[in-house]
1. Students sometimes get this wrong: rank THR267, THR214 by accessible area, probe 1.4 Å, all chains present, largest first.
2. With labels modelled as points extended 7 Å from the Cα through the Cβ direction, what inter-label distance (nm, one decimal) is found for GLU312 paired with ALA105?
3. So, with a 1.4 angstrom probe, what is the percent of accessible area on the stretch 375-466 that is carbon and sulfur?
4. Where only protein heavy atoms count, and the probe is 1.4 Å, what is the accessible area per residue for the chain in Å²?
5. Going toward the positive end of the dipole of the chain, with +1 on Lys and Arg Cβ and -1 on Asp and Glu Cβ, which of ALA223, ILE60, ALA235 do you reach last?
6. Would you work out the charge dipole size for the stretch 206-258 about its Cα centre, treating the Cβ of every Lys and Arg as +1 and the Cβ of every Asp and Glu as -1, and quote it to the nearest 20 debye?
7. Which whole-number percentage describes the relative contact order of the stretch 203-351, with Cα contacts under 8 Å and a sequence gap of 6 or more?
8. Please find the FRET efficiency linking ALA465 to GLU88, where r is the Cβ-Cβ separation and R0 is fixed at 51 Å, and quote it to the nearest 0.05.
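The values are calculated or read from the model by the stated rules, or taken from the named source; none is laboratory data. A quick note: this is a predicted structure, and the numbers were derived from the prediction, not measured. Every residue, glycine as well, gets a Cβ built from its backbone with ideal geometry; the counts of neighbours run over all protein chains shown. Please note that ligands, DNA and RNA were not included when accessible areas were found on the heavy atoms of the full protein model with its side chains. Shrake-Rupley method; radii C 1.70, N 1.55, O 1.52, S 1.80 Å.
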Amino acid sequence: MAESGQYAELPSLSRPPERVFVGGRGARLTPTGAPRLPGSKYYTLRYLLNALLAEGESVIHALALSDDTAVLVRAMRALGADARWEREDSGAWALRARGCGGRPARPADGVIQAGNAGAALRLLLGAGALLPEVRFETDHPDSLGRRPNADLLNALRALGLAAEAREPGGLLPITLRGGPPEGGAVSVSGAHSSQYLSALLYLGPLLRDGLDITVTGGLRSAALVRVTLRALAEAGVRVEASDDLTRFTVPGGQRFQPRAYQTPGDTPSTAALVAAARALGAPLRLAGLAWADADARALVAALDALGVPLAERPGEENGGALAIPGGGVTGQPGDIRELDCDPIIDSVPALVALASLTPGETRFLNGANLRAKESDRIGDLCAELARAGADVTELRDGVIARGRPEGIAGGVTVHAHDDHRLAQALAIVAIHSRDGLTIADAVAVAKSYPWFYDDLRRMGALVEAR
């Protein structure tokens with residue numbers, strides 16, 4: 001194990017530096033290799049929860065090695081699963097886990113530490129509803145500690161649980177009491193996050209009466225609900241869903257079956273690598289994307305809109321590969337394009353960075369929930385990009401980026417706001433700047449992609465710890 005504490009749940013992996021300098025256009029080096037695309041965070045978290053709740057042994061191949069994974073692996077152990085790392089012949093790591101059979105144990109101290117892992121927290125809140133009492137805490141009060149959970153807590157209260165939290169918003173720390181509920185009919189808002197619905201979809205199969213779920217207020221990030229449904233189906237769990245994903249019937253008394261899972265590549269990390277390659281003018285090929293997933297298709301459509309030439313598009317015939325040729329950003333100064341943030345929500349910061357280097361104007365719209373991520377991914381992103389010299393305008397629900405293909409000035413220190421996606425976006429514009437950027441909170445990339453800066457070096461960028 002690499003270090004003590006949360007990160008010690010990951011094998012043979014060191015943390016990125018707290019501060020990095022990413023050089024500008026005149027500071028590029030000779031490329032030394034291809035990047036190593038992380039496993040999908042979306043699938044990793046769901047496969048880990050499948051393994052926790054199964055009765056028997058599951059193995060998860062090629063999973064994401066990240067802080068979010070560390071949070072969930074530690075929670076699995078606290079809830080009674082036996083989880084251990086294995087090195088495979090390919091050199092990749094797998095996790096082998098014997099689950100609790102849908103009957104999680106109460107943690108020894110009664111507490112689950114959620115770190116800065118919002119998606120893991122929400123999924124674990126669903127599993128925590130099976131316990132008589134459990135408390136969820138965070139050591140990131142200014143990031144995860146400010147993210148709301150009220151919509152999910154209200155649904156759990158409607159099922160008969162007592163839920164204590166910091167109000168307004170249902171903020172951490174959160175204590176649940178009175179589980180498990182019997183089940184029945186419940187409503188949950190989908191207006192702010194799909195993660196609340198996913199938590200209930202994981203809870204329902206283990207309740208006596210199951211759940212009949214109605215989604216109110218629309219549904220954000222519907223593509224990720226389909227990832228949840230796909231992961232549940234792989235564990236042998238039956239869910240009936242309406243075509244518009246507003247009504248679900250989850251029969252009770254089901255069992256999660258142990259399985260071997262193969263984790264696809266991570267779509268938002270793909271967006272960051274493609275944007276970095278365009279900033280460098282370098283060719284790139286990445287394989288293993290979940291080509292049939294809506295978020296992968298939405299990313300390809302966004303890259304098309306931004307004028308990124310695709311030599312290969314993800315599909316069954318090429319193993320989900322995406323490839324771009326070498327060459328810099330392209331487009332016309334008068335181009336105006338609009339992108340819907342919702343289907344590409346976690347890829348937006350990297351794409352805004354790319355758009356700030358692409359000729360023309362790109363309007364990112366319908367992304368109000370970006371403000372309730374690890375940071376305010378509208379306000380904080382615009383402030384830091386503007387400090388670096390980019391031409392961006394903050395909207396209530398999005399961003400307008402006016403491209404500067406010659407690159408931004410740089411030469412300043414910018415802050416990632418404890419947010420992995422912001423750290424990646426700032427590194428992308430730094431590559432194409434005149435004087436580079438120093439990024440504070442650079443270590444935030446460990447949340448999803450700990451070796452991101454190493455991969456930038458492999459691609460030819462200058463990256464120095466500061």
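1. So the residues, ranked largest to smallest area, are THR214, THR267.
2. With each label placed 7 Å out from Cα toward Cβ, I get 4.5 nm.
3. Taking all protein chains in place, the stretch 375-466 shows 45 percent carbon and sulfur surface.
4. For the chain, the solvent-accessible area averages 35 Å² per residue.
5. Looking along the dipole axis, the top candidate is ILE60.
6. In total the dipole reaches around 160 debye.
7. Value for the stretch 203-351: 23 percent.
8. Taking R0 as 51 Å, the efficiency between ALA465 and GLU88 is 0.95.
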